[in-house]
Each structure stands twice: as C-alpha cells, then as structure tokens.
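Below: the structure, in structure tokens.
The values are calculated or read from the model by the stated rules, or taken from the named source; none is laboratory data. Worth saying up front: this structure is predicted, and the values here are computed from it rather than measured. Cβ placement follows ideal geometry from the backbone for every residue including glycine, while neighbour counts extend to all protein chains displayed. Side chains included, ligands, DNA and RNA excluded: accessible areas come from the protein's heavy atoms. Shrake-Rupley method; radii C 1.70, N 1.55, O 1.52, S 1.80 Å.
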Amino acid sequence: QVQLVESGGGVVQPGDSLRLSCAASGDTLRNYASGWFRRAPGKERVFVAAISWSGGVTYYEDSVRGRFSVSRDDPKNTAYLQMTNLEPEDTAVYFCAVVKAFHRHCSGYDCYGDSDGYDYWGEGTQVTVSS
C-alpha cells in the first residue's frame, strides 16, 4: 500500500510561510486524490485543501483560500501544501491523506473535504504559529 510521510512543519511567527511536503512511496500519487487536513489543539480534525488525481482541480476550506496552495510534483511523487500569511489559528498538526482515484462514489467539494473518504494517512507534522 502507499505510505505517506509529512514534513516541513515548524514554529513560525504570524505572517510567515511554510511549505509542507507529503512524500509518497509504494505507489504513484498520480493515481490518487490527495488531501490535507489539520487538527488544532482541542479541536476536531478538519479539511484544509485537496488536489485531484489529475492535478487539474483543487479545493480549499474558506479560511485558507487565497493563503494556502496545494500542488503535486510527480517526479518526486510528493504532494505539497504551500502556506503563506500564517495566522495563530493555523496552529495544528497537519496530515496528508490520499484515496485511489474513483474509489469513492462521490465528487466535488463535499467529497474531497470528507476525511472518511480517504484511505491512507500520514502521521502528521506540527505547525505552530506564535509571536
């Protein structure tokens, strides 16, 4: 099965940028939709962003749209979450997750944003935004 490892988290100040990486092994991400989720302290895990298996469609939660950008580098078999203008509210453990293309019988924003639709998960990377 595909294995996912997140990296790139750290401690930054408000307004800073970070790029999170999700390195995949065991299978090519070209065959998967890739999503990013986060869990803030004391909060539920929520959707952040996703990219379709083709790389042609992306989705963003409202609070990060315009600040975050999800992408995929096929030669490196890695998905990315570029985060800019970080805010304290972005502090969370960030997870990447993937699901094989067309495995779930749904489509659109609600589908990509549903954590239950993803089959494989990384263990997360901590992002802390504090002054």
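At what distance in angstrom do the alpha carbon centres of the stretch 78-128 and the stretch 20-40 lie from each other?
Centre-to-centre distance over Cα atoms comes out at 7 Å.
Based on the Cα atoms of the stretch 89-131, what semi-axes does the equivalent ellipsoid have, where each is the square root of 5 times one gyration tensor eigenvalue, given in whole Å with the largest first?
Sorted largest first and rounded, they come to 26, 12, 6 Å.
Write out the GluC sites (Glu not before Pro) in the stretch 43-131 meeting two conditions: DSSP loop, and at most 12 other Cβ atoms within 10 Å of their Cβ.
Glu44, Glu123
Tabulate in residue order the Karplus-calculated ³J(HN,Hα) for the stretch 107-123, using 6.51 cos²θ - 1.76 cosθ + 1.60 with θ = phi - 60°, rounded to whole Hz; enter x for Gly and Pro.
Once rounded to whole Hz, the list reads 7, x, 4, 4, 6, 5, x, 8, 4, 5, x, 9, 9, 10, 10, x, 8.
How large is the helix-only mean residue ellipticity at 222 nm for the chain, computed as the sum of -39500 (n - 2.57) over DSSP H runs with n ≥ 4, divided by its residue count, in deg cm²/dmol to the nearest 500?
Roughly -500 deg cm²/dmol at 222 nm, from the helical runs in the chain.
Taking a cut-off of 27 Å, what percent of all Cα-Cα pairs in the chain are separated by more than that?
Tail fraction, whole percent: 12.
Rolling a 1.4 angstrom probe over the protein chains, ignoring ligands and nucleic acids, what is the accessible area of Tyr118 in square angstrom, nearest 10?
10 Å²
So how much accessible area does Arg67 have, in Å² to the nearest 10, using a 1.4 Å probe?
My reading of the accessible area for Arg67 is about 30 Å².
Could you check the spin-label model distance between Lys76 and Arg19? Points 7 Å from the Cα along Cα→Cβ, value in nm.
Once both label points are built, they end up 0.5 nm from each other.
Give me the percent of accessible area attributable to carbon and sulfur for the chain, probe 1.4 angstrom.
So the carbon and sulfur contribution to the accessible surface is 45 percent.
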